[in-house]
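The values are calculated or read from the model by the stated rules, or taken from the named source; none is laboratory data. Values in this document were obtained by computation on a predicted structure and should not be read as measured data. Reconstructed Cβ throughout: ideal geometry from the backbone, glycine too, with neighbour counts over all protein chains shown. In case anyone asks, the SASA skips ligands and DNA or RNA and just uses the protein heavy atoms, side chains included. Shrake-Rupley method; radii C 1.70, N 1.55, O 1.52, S 1.80 Å.
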Amino acid sequence: MRETIFMTDQVPALWRHVLNATIGATALFAAGLVLLPSTMQLLFLPMFYGVTVPPPELGPEAMRYAHFAFAMTGCIMLAWLMALAMVVNGPFRRGEPWAFVLVAGTIALWYVIDNICSWSMGYEANVAFNTAAVFPAALALARTWRCFFPRRAAPAAAALHESA
């Protein structure tokens, strides 16, 4: 006989939906990197180089390697996003503090490292792209913080409250 597990929602549905929508949109982007690398280049070439076709100095072998790098990046992203979705819809939903730390921590780690690399290599447009992409998740995490880490009464205030 299967046991039914009842999930107690501690995090408002709106913010879980925002996180799930962000994860879903990012997963579509990642799948595009894997399945449609030439099409995805149409996004990156104007953003990074201000052109719509690869520069002539990038020969077929360089383009083949770029497609490979896109595909590998997309694969890694999809694996991370699947894990995030499972955490968001289970332990995060139930308000388990470690789940908040994991979701917020992995997103923050990606954001900081990716942007440091992008900025230092002269790809400021990627910093703007990342910031727009992460904004909904950051907002959802900020709005759910207290679901995981409620305010604690100061010891003196708690003692006054108990004596009253």
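Things to note:
- Conditions (1) farther than 17 Å from THR106 by Cβ; (2) within 21 Å of the chain's Cα centre (by Cα); (3) in contact (Cβ under 8 Å) with a residue 24 or more places away in the chain: number failed by PHE44: (3)
- Sole exception among (1) under 21 Å from the mean Cα position of the chain (by Cα); (2) more than 21 Å from ALA132 (Cβ to Cβ); (3) open to solvent by 60 Å² or more (accessible area, probe 1.4 Å) for PRO56, by number: (1)
- Within the stretch 115-146, considering residues that are farther than 21 Å from THR26 by Cβ and at pLDDT below 95, the one least open to solvent (accessible area, probe 1.4 Å): GLY122
- Taken over the stretch 24-44, the criterion of being within 21 Å of GLU124 (Cβ to Cβ), surrounded by 17 or more Cβ atoms within 10 Å (Cβ to Cβ) and aliphatic (A, V, I, L, M) is satisfied by LEU33, MET40.
- For PHE68, the test of being within 13 Å of the chain's Cα centre (by Cα) and either among the basic types (Lys, Arg) or open to solvent by 60 Å² or more (accessible area, probe 1.4 Å) (or both) is failed.
- Residue within the stretch 22-37 that is in a helix (DSSP H, G or I), in contact (Cβ under 8 Å) with a residue 60 or more places away in the chain and in contact with a Pro (Cβ under 8 Å, 6 or more places away or on another chain) present: yes
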